[in-house]
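Every number in this text was worked out from the coordinates using simple rules, so none of it is lab data. The model shown is predicted, which means the values in this text are computed figures rather than measured ones. Every residue, glycine among them, receives a Cβ derived from its backbone with ideal geometry; neighbour counts consider all protein chains shown.
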Amino acid sequence: MLDPWETGQIKDYERIMREFGIDRFDPTRLPDAPPLPRLFKERIVFGQRGFSTILNRMRSGEPFAVLTGLMPSGRMHLGHKMVIDQIKYFQEFESHIIVAVADIEAYATRGMDLKSSEKLAIDSYIRNYLALGLGKEGFEIYFQSKRQDVKDIAIEVGKKVNLSTMKAIYGFNDSTNMSHMHAPLIQAGDILHPQKRLGPIPVVVPVGIDQDPHIRLCRDLASSFRIFNATVTADGKIGVFVKVDNNVEKYLNQAKAAMERLGFLDMKMMPRYKALYVNGAIPEDVPRMDEALALVEGKAGEPGYMPPASTYHRFIMGLTGDKMSSSKPETAIFLDDDPKFAGKKIMKAITGGRETAEEQREKGGDPNNCSVFEMMLFHTVDDEKEIDRISQECRSGERLCGQCKKEASAHLEEFLADLKERRDQTEHLIKMYVRHD
């Protein structure tokens with residue numbers, strides 16, 4: 001079971017993908033420009049759900065929304081930065097970037113009061129978000145506790161899920177408090193509310209793999225409100241199916257008109273089976289068919305929620321070899337760490353090296369199991385040739401861990417010092433982008 005609040009370091013991502021039905025993320029399908037971040041090129045972002053809806057918008061230049069959240073219960077560290085690196089890339093397209101401050105979730109699951117959450121969110125996260133490059137047109141930050149749409153949707157979608165389902169997804173038991181149980185519904189409100197404010201629009205949520213339970217729940221909830229279902233049938237046909245029992249022919253005719261607007265003219269309507277088969281369509285057409293149908297539902301006053309898309313990235317290894325975590329300071333490099341202090345942390349980090357220098361020279365090290373190399377790969381070394389050189393020298397035994405730590409410390413200190421300057425330069429933007437409604 002994946003636990004959004006307690007999952008530790010994961011070793012076998014392939015098994016997780018198989019067990020939970022996560023599709024592989026293919027960076028070669030992304031547009032040629034702007035340049036891909038290292039997280040995509042190195043397949044650190046490895047999985048996705050429903051991303052073709054976003055890919056279509058990226059290629060067409062039509063708008064989409066990116067929703068991310070921060071839970072202000074601990075300081076921002078390098079692991080949190082991975083989501084921001086992805087969002088900076090999406091920001092270059094016609095996208096709305098929306099950041100939810102999960103202060104209700106922090107209260108329900110970590111016992112943080114709202115006032116403390118707000119201060120921590122601004123001081124440790126929002127200042128860094130702006131310093132890292134977020135903040136173009138269409139960017140906004142809001143607090144769960146202050147956004148009524150989010151809370152309204154949480155109540156609305158709560159009618160579509162029961163306690164046994166919540167237990168199955170999250171492992172809740174009889175000792176779990178009700179505020180904690182309600183927190184996933186608030187998250188669903190976060191993820192779905194851009195469609196309420198902006199109209200039917202594809203939304204992508206970049207997350208770590210531990211957050212997949214929220215995505216699965218929200219995709220199911222979104223689908224439960226739909227009138228239409230566009231899908232590939234078991235025998236390979238492309239069909240639109242009406243999910244309600246009343247006014248079936250009316251809805252089928254509306255679906256037919258929507259498909260005609262997309263250019264599909266050869267269709268077979270079967271009211272008895274509540275079906276409209278779209279001849280000539282291929283599986284890759286289904287996402288845009290679903291978008292067109294969601295628009296029909298929206299115009300009819302229905303929610304028309306499109307299931308949110310998601311991307312999944314690997315966890316960065318903590319300095320102790322476990323997952324980097326705010327609640328375990330010894331594992332983490334925090335973005336507001338003093339650069340010199342952070343450099344000293346690196347000198348004590350666990351690496352993929354051998355027990356002795358002689359054995360390292362003879363057998364080489366393992367950069368794939370090294371917190372220091374991961375930090376450089378994920379965050380501080382942009383030059384691919386330099387990363388390849390470091391990896392090869394480690395494997396061959398030419399490079400010892402002491403040398404790697406010194407170089408990594410220098411890279412990290414430079415990055416953190418530069419980030420501190422940029423925090424000071426962008427602090428005035430906080431009032432511009434933080435919403436209180």
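State the answer as a single residue: which of Tyr251, Pro194, Phe334 lies farthest towards the positive end of the charge dipole of the chain, with beta carbon charges of +1 for Lys and Arg and -1 for Asp and Glu, about the Cα centre. Of the options given, the answer is Tyr251.
With respect to the chain, whose longest principal axis is taken over its alpha-carbon atoms, helix 384-396 is tilted by about 60°.
Stretching the chain fully between Lys340 and Arg395 yields a gain of 17.0 nm (0.36 nm per residue, less the alpha carbon separation). Quick one: angle between helix 401-426 and the longest Cα principal axis of the chain, in degrees between 0 and 90, rounded to 10, please. The helix 401-426 is inclined about 60 degrees to the chain. About its Cα centre, the stretch 337-428 has a charge dipole of approximately 340 debye under the convention of +1 per Lys or Arg Cβ and -1 per Asp or Glu Cβ, with nothing else charged.
With a Förster radius of 51 Å applied to the beta-carbon distance between Lys243 and Ala357, the computed FRET efficiency rounds to 0.20. When only Cα pairs below 8 angstrom with a gap of at least 6 residues are kept, the chain shows a relative contact order of 20 percent.
Give the calculated FRET efficiency between Lys159 and Arg110 to the nearest 0.05, with a Förster radius of 25 Å applied to their Cβ-Cβ distance. Intermediate values should be presented prior to the final figure.
Details: r = 27 Å, r/R0 = 1.09.
Once rounded, the FRET efficiency stands at 0.40.
Close amide-amide hydrogen proximity is noted between Gly208 and His313, each under 5 Å apart and 5 or more residues distant or on a separate chain (H modeled in the peptide plane; Pro and chain starts excluded). In the chain, the C-alpha radius of gyration followed by the widest Cα-Cα span (Dmax) gives 23.5, 78 angstrom. Restricting to bridges with both residues inside the chain, how much of the DSSP beta-bridge set is antiparallel, in percent to the nearest 5? The answer is about 50 percent antiparallel. Applying 0.36 nm per residue to the separation of Ala417 and Glu42 and subtracting their alpha-carbon distance, the gain on full extension is 132.4 nm. Largest GNM mean-square fluctuation among Ser164, Ser117, Ser179, using the chain with Cα springs under 10 Å: Ser164. In degrees from 0 to 90, rounded to the nearest 10, what is the angle of the helix 148-158 Cα long axis to the longest principal axis of the chain? It is inclined by approximately 70 degrees. Looking at the stretch 24-167, the DSSP beta bridges with both ends there are about 10 percent antiparallel. With Cα atoms as the point set, the stretch 208-264 shows a radius of gyration and Dmax of 14.7, 43 Å.
Would you work out the charge dipole size for the chain about its Cα centre, treating the Cβ of every Lys and Arg as +1 and the Cβ of every Asp and Glu as -1, and quote it to the nearest 20 debye? Walk me through the intermediate numbers first.
Numbers: 61 positive and 65 negative charges, 172 e Å.
Here the chain has a charge dipole of around 820 debye.
Per-residue ellipticity at 222 nm for the chain, helices alone: DSSP H runs ≥ 4 residues times -39500 (n - 2.57), over residue total, nearest 500 deg cm²/dmol? Numbers along the way, then the final one.
Numbers: 19 runs with 199 residues, N = 437.
About -13500 deg cm²/dmol.
In the chain, once you exclude exposed GluC sites (Glu not before Pro) (DSSP loop, at most 15 other Cβ within 10 angstrom), what's the longest stretch remaining? The answer is 138-354.
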